[in-house]
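Heads up, the thing below is written out as structure tokens.
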């Protein structure tokens, strides 16, 4: 039963793929502005990593920041 | 006109596999001619100061990054935290102290077609705490370069010791798994989603901190395992030429029953050509851990008065100014940046035992950065 469900799902995905596979709608030559510093999520890894460290050692939440963690310095 | 395949209700098995392969192929292969970009060669130096709640942490950071051939970029980073600690925990139960934390990080990025593989390792040392981490990350551009998928793994091993007690020694281990995607929505609009699962095992508290049970001070007792999840959504867009706005939200939850919301809003604007000004506003709100208590009224297996595990709200207001000096000596693109952020934390269930009032504190964060890319 489970196999049948999975196969049905795959079939549906394949059908959708054949029907309407979206094409990239922003062409490479239109992406010039996206390289501008004001459109970067992180402009300076050094400063962002330090800021995340400041919050991580003072708040209970952590993770999913998009910035790699380092050592502790937690206590 | 719809392809003939859409009209048929029954599809042969061979056709199904062909289509699945075609779907995957179109996702991976479109735009495959362009190689993923490696970070530029750069040298960054930063001085940082955090001052708040009786804690002052400051020091220099240095980062050097250099490409080797076209496909590999290596980096090294040295980070210093000179900490002077007279926080409320310390002044109410121990003596203020000073110590230095040094952290070294080495990393390498390898670009192959639309993928970048990153490996890095760091070692952080302070007198009573040693932490070593190893990171693996992969990014892959798909869908004609409009989508970037990222996944990564971190393994951390810590050694915990205690000043004045040579018999105390313990360990902590950390596993972090992350997955994310960034999507180009328009020529001036991006969005990303990131998920991270973290598992911690070992000594997850402080050997110095005490809890209160029936008003008496006892060593805190934390569980030796913790598993957390965090999901974050970000978006950034240029709203008028030279002006961008961004927003992000993170939800965090863990097996200690902590739930936390983080929201941040920011704006960036060019002022003349050489100046870039940023402003940000950040909100943080957290619900306490199951075993957190300001003054426990029952004996339980686990008890902590670590205010980081309590219920509180935080607000930050910050700004950044960047000045581009342009090409120096015709070769180095030099930028000078200054960042200032003011933070305020207000606790709902942590009291200052000297006054009996609910605790709150303000903090200042300052970063001065010189960055040269070439």
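Rule-based calculations on the coordinates, nothing more; no lab input. Source: prediction; values computed, not measured. All Cβ positions, even for glycine, are placed from backbone atoms using ideal geometry, and neighbour counts span all protein chains on display.
Here are some notes:
- FRET efficiency, residue B:259 to residue B:166 (Cβ-Cβ, R0 51 Å, nearest 0.05): 0.85
- Each of B:170, B:294 was scored by other Cβ atoms within 10 Å of its Cβ. Arranged with the fewest first, they read B:170, B:294.
- Additional length obtainable on full extension of the chain from residue B:325 to residue B:155, 0.36 nm per residue less Cα span: 57.2 nm
- In chain B, the longest principal axis of the Cα atoms and the axis of helix B:13-29 are about 70 degrees apart.
- In the protein assembly as shown, helical runs assigned H by DSSP with n ≥ 4 each contribute -39500 (n - 2.57); averaged across all residues and rounded to the nearest 500, the mean residue ellipticity at 222 nm is -4000 deg cm²/dmol.
- Partner shielding of B:178-190 amounts to 4, given as the average count of beta-carbon atoms from other chains within 10 Å of each residue beta-carbon.
- Sequence-separation-based contact order of chain B, relative, with Cα cut under 8 Å and 6+ spacing, percent: 12 percent
- Among B:98, A:27, sorting on how many other beta-carbon atoms sit within 10 Å of each Cβ, with the fewest leading, yields B:98, A:27.
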